[in-house]
1. By the gyration tensor of its Cα atoms, with a ≥ b ≥ c the square roots of the eigenvalues, what is the shape of region 1-96: rounded for a/c under 1.5, prolate for a/b over b/c, or oblate?
2. At a threshold of 8 angstrom on Cα-Cα distance, excluding pairs fewer than six apart, so keeping six or more, what relative contact order does region 88-177 reach in percent?
3. Across region 310-326, in residue order, what do the Karplus-derived ³J(HN,Hα) couplings come to in whole Hz, using 6.51 cos²θ - 1.76 cosθ + 1.60 with θ = phi - 60° and x for Gly and Pro?
4. Expected output is a single nm value to one decimal: the length gained when fully extending between LEU393 and SER276, i.e. 0.36 nm times separation in residues minus the C-alpha distance. What is it?
5. Output needed: Cys residues of the chain lacking any neighbouring Cys C-beta below 4.7 Å, sorted by number.
6. When we measure straight from the Cα of LYS54, which lysines land under 25 angstrom away, once same-chain ones fewer than 8 places off are left out?
7. Students often check this: by mean Cβ neighbours within 10 Å, which of 295-302, 137-144, 442-449 ranks highest, and how do the rest follow?
8. Ranked from highest to lowest mean number of other Cβ atoms within 10 Å per residue, what is the order of the peptides 176-186, 4-14?
Amino acid sequence: MPKVGMVSLGCPKNLVDSEVMLGILAQQGYELTPHPDQAEIIIVNTCAFIAPAKQESINTILEMAEYKKFGAARKLVVAGCLVERYRQEILEQIPEVDHVIGTNELESVLAACQGANRSAGMNRAPEPYLYHEFTPRVLSTPGYSAYLKIAEGCDHPCTFCVIPQMRGAFRSRRFASVIHEAENLARQGVREITIVGQDTTSYGEDLGIREGLPSLLRELGKIQDVVWVRFLYCYPNRVTDALIAAVAETPKVAKYFDIPLQHSSSSVLKLMKRGSNGRQFLHMLEKIRAAIPGVALRSSFIVGFPGETEDDFKALRDFVAAAEFDHLGVFLYSNEETSRSFDLPNQVPASVARRRQKQLMALQRKISKRNLRKFVGKSLPVLVEGRSEETDLLYQGRTERQAPGIDGCVLINDIVGPAPEPGDFRWATITEAGDYDLVARLDSDAFVERRPSAIRPQAPGALVQIQPALTVSPV
Ligand code: SF4
């Protein structure tokens, strides 16, 4: 069977789609290769929510197309959000592309690899797709950690956002399906489960499940071998008392909230069709901190939204200073054609937006360092990820307050007791604090005992680096 290589761009939700496509192919006997030059079929799963992401997707497609000239590649397949926005343009303008797969057509990856013609599926809109617990999936994350997608699409009307156009209307997976998949992941050695969706806090609403996410967290918290359950992408006005209580009362649920607020000025939030304001957001953050002492808070903001004045930006800066987030992302507004804000007046010059982004990140760097300093001398459970990416002299890991791939880490420069293995949960004493990372001595005590047999060896490197002989099991 041909060798397949995959490049997965964008968010963890897209990564799960890549893993599903690889699962379907591997189950049919396709070999997965870590080396694009050896791949006979290369799949690029794209991202397209803002201009830089679109550019990265196009650059990657063109880069992979070169392997059709100089490598073993004879087929290039493009999948994901860029296809949803520019299917026709991709086929017309990039002749090297042999097939395109939309976000609801993951299962057509097989036909694409078997040589279906490049415009198959063009004449009808595919049914909204949601994978389930019996869908084959190749996990690309380290053996002890995995993403769990609980819903797809979004019904919110945020004017700057084109994700609903690419991912469709909001739809939840069945409760039992999510639990079943999580149990399977735990059986495979996964100890940290990160729940994702465009808006995880709306989980179950379309299925008539009241307080769906809180119920799910409590149920996931009962799975024996799981150590941490984390959830990302909360919609602000869906952060309910029931959700806060579920996090506070379920030991295995990470004391961690990711709530993209996008702005704090009521006039900008109104233009974004998101509502609310900084005062209400601060009240919500205070409520979470009161109920869950030591909770980690992450958010993200957009600067340069049309109509954002210097006063609006000053209000945002004051809000960020008062909120003292542990982790923060600041995006430049991207004027996306087909978004509702595309034609809004008072577009903000790019140089002004960049200045605002720089100022906000400089403010956050100080806040992050101040927050991290509070942990020096403290002992915290750390999930060891392995040797540090920076140097072999160090190990690295994460505390419960640090999500995979988006937050800082713990650099381990001293070890008491046995050398750790990736996936170990050990107590660590924090010795230093940087702007975004902590430094620690790893102590000999285990936070949870290692169950050596269960942890699946990690496929090395990025998704394109997948080992050929990966086992495929319906998750
Ligand atoms: S909630 Fe998020 S995904 Fe949904 S429209 Fe708003 S920004 Fe986009």
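The values are calculated or read from the model by the stated rules, or taken from the named source; none is laboratory data. It should be emphasised that the depicted structure is a prediction, and the values quoted were computed from it without experimental measurement. In this analysis, Cβ positions are derived from the backbone assuming ideal geometry, glycine residues included, and neighbour counts consider all displayed protein chains. For accessibility, only protein heavy atoms count, side chains too; no ligands or nucleic acids. Shrake-Rupley method; radii C 1.70, N 1.55, O 1.52, S 1.80 Å.
1. Details: a/c = 1.92, a/b = 1.26, b/c = 1.52.
Oblate, since a/c reaches 1.5 and b/c is not below a/b.
2. It rounds to 23 percent for region 88-177.
3. 4, 5, 4, 5, 4, 4, 5, 4, 5, 5, 5, 5, 7, 6, 6, 5, 7
4. Values: separation 117, 0.36 × 117 = 42.12 nm, distance 4.77 nm.
Taking 0.36 nm per residue and subtracting the Cα distance, the gain is 37.4 nm.
5. By the Cβ distance rule, which asks for a partner under 4.7 Å, the isolated cysteines are CYS11, CYS47, CYS81, CYS113, CYS154, CYS234, CYS409.
6. Qualifying lysines at Cα under 25 Å: LYS13, LYS68, LYS69, LYS75, LYS149, LYS273, LYS358.
7. On the way: 295-302: 21.6, 137-144: 23.2, 442-449: 14.6.
With the highest mean Cβ count within 10 Å placed first, the list reads 137-144, 295-302, 442-449.
8. Per-residue Cβ counts within 10 Å, averaged per peptide and sorted highest first, yield 4-14, 176-186.
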